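Quick note: the coordinates plus some simple rules give every number you see, no bench work behind them. In this text, all values refer to a predicted model and were calculated from it rather than measured experimentally. Cβ placement follows ideal geometry from the backbone for every residue including glycine, while neighbour counts extend to all protein chains displayed.
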Amino acid sequence: MKNFEFHNPTRIVFGTGTVSRINQLVPETARVLILYGGASAEKTGTLAEVRKALGQRSVHEFGGIEPNPSYETLMRAVRLVQAEKLDFLLAVGGGSVIDGSKFVAAAALYQGEPWEIAEQGGSNIRQALPIGTVLTLPATGSEMNNGAVVTRKATQAKLPFRHPLLFPQFSVLDPSKTFTLPAKQVANGLVDAYVHTIEQYLTYPVQASVQDRYAEGLLQTLIEIAPQAIAAPDDYATRANLMWTATQALNGLIGAGVPQDWATHMIGHELTALYDIDHARTLALVLPALLDVQRDAKRAKLLQYAARVWNIRTGSEDERITAAIAQTRSFFEELGIPTRLSAYGLGEDAVEAVLQQLQAHGMTALGEHRDIDLARSRRILQAAL
Ligand code: NZQ
Ligand code: ZN
């Protein structure tokens, strides 16, 4: 196991009827900005509950944060925070609203042009406003981690950043708030959480026994609950398991002390920036192809994954690996999520366009061995055609 430090300061308030707890969690004298997305938070009644819980506090609101939150939109929130001297951000939504709020938290106090935060991956953050969240979409883990991803529409750049000051102070996780999700977003959430786990698990062995078993438990839970999560939107127990699994897939615990990959995410971000494909859907395009191209570097872990997650224990090593990749692909496809670029009408032109973007963003040495250069990214994308 590698050396590591682990510190996660986010308080999780989990369960049905927990939105009212915000009243104790936000300081009484706070000047609050509620941030939300499009229409869903208002329509589902979650915003009304949040407003009620905040009681007499001074509250402003900023709606319209879009999926894959844009710098252009978020800068309007930054100006509101500065003009009204707001000092607490409350994000109500999915990963996009939470990530956007993290950007606003850092940008509002940043000395300089805030896009530099994304360009430098957050290493230049010195201060940030406190954030709380009410999660309405289990997927990204943003509710319990210190990372975020923002897009600059003007240049089609989608860049990640992180900083310890960006952990939410608290996150309210009420699984019943997910009952209104369209099936497509539930499928996206299952796949995003699955790939987060894979990015931290399917690398090379470092004898991190508990991280491995924990990751395999998260993967098996996602596989087990997936059909019911789609078929029965108001099955509380299933949604509770989905929500807590997705949070744990990216709250730092399974990634502590182990190598991490993240190439699927970095290539996927370029597909979203160029073609506006949902985040999770880009991951389903890249991952099976990447596992195939990287099968030698990942051999030991692929065999472990095949045996322990999919119970594939017979056949030659290569046959078992091929079968595990095929199972992964069918898991995504059965959720209605395509694993081929052709499903989006994309071909060789898209491969070249993504490669140019990867080059422009310095994504030329990806993966746990930093061996995914542009030539290898090309092979991965071609394998995804
Ligand atoms: O905008 P509204 O009307 O609210 O609708 C949203 C949005 O259209 C809808 N929705 C959310 N909760 C709902 C609901 N509809 C009905 N009922 C509810 N309860 O769902 C749509 C998608 O929302 P979004 O927040 O975009 O989805 P998700 O949570 O998948 O977030 C994706 C973003 O997170 C980033 C992605 O890159 C992408 O920008 N990620 C953030 C990570 C992190 N911070 O650690 C890690 C991830 O890998 C990911 O990159
Ligand atoms: Zn993701």
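Restricting attention to segment 107-136, the residues being within 13 Å of ligand 1 (Cβ to nearest atom), of a type outside the set (S, T, N, Q) and under 21 Å from Leu25 (Cα atoms) number 3. Among the residues of segment 26-43, those identified as surrounded by fewer than 18 Cβ atoms within 10 Å (Cβ to Cβ) and under 27 Å from Asp234 (Cβ atoms) are Gly38, Ala39, Glu42, Lys43. Residue check: Leu303 meets all listed conditions (1) more than 15 Å from ligand 1 (Cβ to nearest atom); (2) within 23 Å of the chain's Cα centre (by Cα); (3) of a type in the set (A, V, I, L, M, F, W, C); (4) surrounded by 15 or more Cβ atoms within 10 Å (Cβ to Cβ) but one, namely (2). Looking across segment 190-213, the residues that are more than 16 Å from ligand 2 (Cβ to nearest atom) and in contact with a helix residue (DSSP H, G or I) (Cβ under 8 Å, 6 or more places away or on another chain) come down to Thr203, Tyr204, Pro205, Gln211, Asp212.
Applying the condition of being hydroxyl-bearing (Ser, Thr, Tyr) and crowded, with 21+ Cβ neighbours inside 10 Å to segment 145-172 and asking which residue is nearest to ligand 1 (Cβ to nearest atom) yields Thr151. Within segment 332-343, residues that are among the hydrophobic types (A, V, I, L, M, F, W, C) have Cβ atoms under 9 Å from residues that are assigned to a loop (DSSP other than H, G, I, E, B) in these pairs: Phe332/Pro338; Phe332/Thr339; Ile337/Asp278; Leu341/Gly347; Leu341/Ala384; Leu341/Leu385, counting only partners at least 6 apart in sequence or on another chain.
A single member of Val104, Val92, Val81 is under 17 Å from the mean Cα position of the chain (by Cα) and of a type in the set (A, V, I, L, M, F, W, C), and it is Val92. Filtering segment 279-300 down to residues that are among the charged types (D, E, K, R) and away from ligand 2 (no atom under 16 Å from the Cβ), which residue is surrounded by the fewest Cβ atoms within 10 Å (Cβ to Cβ)? My answer is Asp296. Residues in segment 353-374 that are in contact with a Leu (Cβ under 9 Å, 6 or more places away or on another chain) and either surrounded by fewer than 12 Cβ atoms within 10 Å (Cβ to Cβ) or among the small types (Gly, Ala, Ser) (or both): 2 in all.
Looking only at strands (runs of 3 or more DSSP E) that fall completely inside segment 1-62, which ones have 1 or more residues that are in contact (Cβ under 8 Å) with a residue 60 or more places away in the chain? It comes to 11-14, 31-36. If only residues of segment 173-205 that are surrounded by 20 or more Cβ atoms within 10 Å (Cβ to Cβ) and of a type in the set (Val, Ile, Thr) are counted, the one that is farthest from Thr136 (Cα to Cα) is Thr203. Taking Val134, is it within 21 Å of Ala249 (Cβ to Cβ) and not in a loop (DSSP other than H, G, I, E, B)? Judged against the criteria, Val134 is a match. Restricting segment 91-113 to residues that are of a type in the set (Ser, Thr, Tyr) and assigned to a helix (DSSP H, G or I) leaves a set whose member that is nearest to Ala41 (Cα to Cα) is Ser96.
Scanning segment 247-271 for residues that are assigned to a helix (DSSP H, G or I) and within 10 Å of ligand 2 (Cβ to nearest atom) yields a total of 5. When segment 143-169 is filtered for residues that are touching a Pro at 6+ places or on another chain (Cβ under 8 Å) and either among the hydroxyl-bearing types (Ser, Thr, Tyr) or farther than 16 Å from His265 by Cα (or both), the ones remaining, listed by number, are Glu143, Met144, Asn146, Thr151, Phe167, Gln169. If you go through segment 207-241 and keep only what is in contact with a Gly (Cβ under 7 Å, 6 or more places away or on another chain) and aliphatic (A, V, I, L, M), you end up with just Ala208.
Residue-level check: of (1) more than 19 Å from Gln260 (Cα to Cα); (2) in a loop (DSSP other than H, G, I, E, B), Ser330 misses just (2). Evaluation of Val210 against the conditions (1) among the hydrophobic types (A, V, I, L, M, F, W, C); (2) without any contact (Cβ under 8 Å) to a residue 12 or more places away in the chain; (3) within 16 Å of ligand 1 (Cβ to nearest atom) shows that the sole unmet condition is (3).
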